[in-house]
Amino acid sequence: MILHPAGKFAEGEVLLFDKPLYWTAFDLVNKVRIMIRSLTGTRDIKVGHAGTLDPLASGLMIICTGKATKRIEEFRDLDKEYVAEIHLGATTPSHDLETEVVENFPVDHISEELMRQTLDKFLGQQKQVPPLHSAKLIKGKRAYEFARKGIHKELEPVNIVFREIELISFSLPDVRVRMVCSKGTYVRSFVRDLGNALDSGAYLSGLVRTSIGPFGLENAFSLEKFENFLKELKQI
């Protein structure tokens with residue numbers, strides 16, 4: 001028996017999406033929810049995501065529907081793989097392109113060998129301080145609320161693990177790095193700490209999440225492909 005689309009999504013689907021650049025996680029979930037409601041004609045189907053991505057990052061997000069939303073925590077606990085574009089020799093308050101460059105540093109002393117040696121030092125378990133430009137809660141308020149007002153707050157370090165770190169390309173002042181890390185890792189904080197470890201500065205100029213546990217970006221829907229998928233379902 002072929003399940004009606006409404007029943008299919010209510011019973012629970014685990015959907016992989018390639019989040020577009022500049023979209024928030026909420027934007028993507030809301031769009032998917034609207035598309036599913038349009039197909040099924042019901043507003044009762046739950047839709048939620050299993051881990052956010054910054055607007056300035058693209059790549060894999062897991063979206064669960066119906067009864068599969070009960071598995072969200074399971075997916076959030078999985079390791080993540082990212083490919084990061086890093087600009088050396090400058091810093092921004094947000095550690096990415098959300099804010100303007102505030103300070104410049106020398107990079108002439110940074111060789112490819114020094115970069116590889118420094119990246120290796122980040123492997124394993126460590127404590128990482130989340131960026132102030134983040135959704136971390138400080139006494140009931142999001143950290144970015146303080147950051148955007150220019151109020152400095154100290155965030156508590158959290159335990160994270162880098163399982164793999166690989167230098168993909170090196171062309172000063174820009175490098176590309178692939179990493180596999182535990183949940184709760186902020187790539188922007190890693191980039192901040194990398195700049196400090198190199199006696200320079202750094203900010204994140206681009207980020208793609210390429211996998212979450214066993215789920216890969218190559219199997220993800222674009223919104224266009226998902227729309228076509230829903231059209232096919234409607235014809236069943």
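The values are calculated or read from the model by the stated rules, or taken from the named source; none is laboratory data. The structure presented is a predicted model; accordingly, all values stated were derived computationally and were not measured. Neighbour counts are summed over all protein chains in view; Cβ atoms, including those assigned to glycine, are modelled from backbone coordinates with ideal geometry.
Scanning region 189-205 for residues that are farther than 16 Å from Pro93 by Cα and either among the acidic types (Asp, Glu) or not in a loop (DSSP other than H, G, I, E, B) (or both) yields Ala197, Asp199. Restricted to region 1-108, the set of helices (runs of 4 or more DSSP H) holding at least 1 residues that are modelled with pLDDT of 95 or more comprises 25-40, 72-76. Condition first: among the aromatic types (Phe, Trp, Tyr) and without any contact (Cβ under 8 Å) to a residue 24 or more places away in the chain. Now tell me which residues in region 187-236 satisfy that. The one that is among the aromatic types (Phe, Trp, Tyr) and without any contact (Cβ under 8 Å) to a residue 24 or more places away in the chain: Phe229. Which ones in region 52-69 are buried (at least 18 other Cβ atoms within 10 Å of the Cβ) and either aromatic (Phe, Trp, Tyr) or touching a residue at least 60 places away in the same chain (Cβ under 8 Å) (or both)? Passing the criteria: Leu53, Asp54, Ala57, Ser58, Gly59, Leu60, Met61, Ile62.
Scanning region 146-173 for residues that are under 19 Å from Thr99 (Cβ atoms), at pLDDT 60 or above and either within 20 Å of the chain's Cα centre (by Cα) or of a type in the set (Phe, Trp, Tyr) (or both) yields a count of 1. Figure legend. Inter-residue proximity from region 29-40: first residues hydroxyl-bearing (Ser, Thr, Tyr), second residues part of a helix (DSSP H, G or I), beta-carbon distance below 6 Å, spacing 6+ or different chains. Indicated pairs: Thr40/Pro5; Thr40/Ala6.
Condition check ((1) of a type in the set (Ser, Thr, Tyr); (2) closer than 20 Å to Ser182 by Cβ; (3) in contact (Cβ under 8 Å) with a residue 60 or more places away in the chain; (4) surrounded by fewer than 16 Cβ atoms within 10 Å (Cβ to Cβ)) across all residues:
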site: Thr92; (1), (2), (3), (4): yes, no, yes, no
site: Asp96; (1), (2), (3), (4): no, no, yes, no
site: Val101; (1), (2), (3), (4): no, no, yes, yes
site: Ser111; (1), (2), (3), (4): yes, no, no, yes
site: Leu114; (1), (2), (3), (4): no, no, yes, yes
site: Leu119; (1), (2), (3), (4): no, yes, yes, no
site: Leu123; (1), (2), (3), (4): no, yes, no, yes
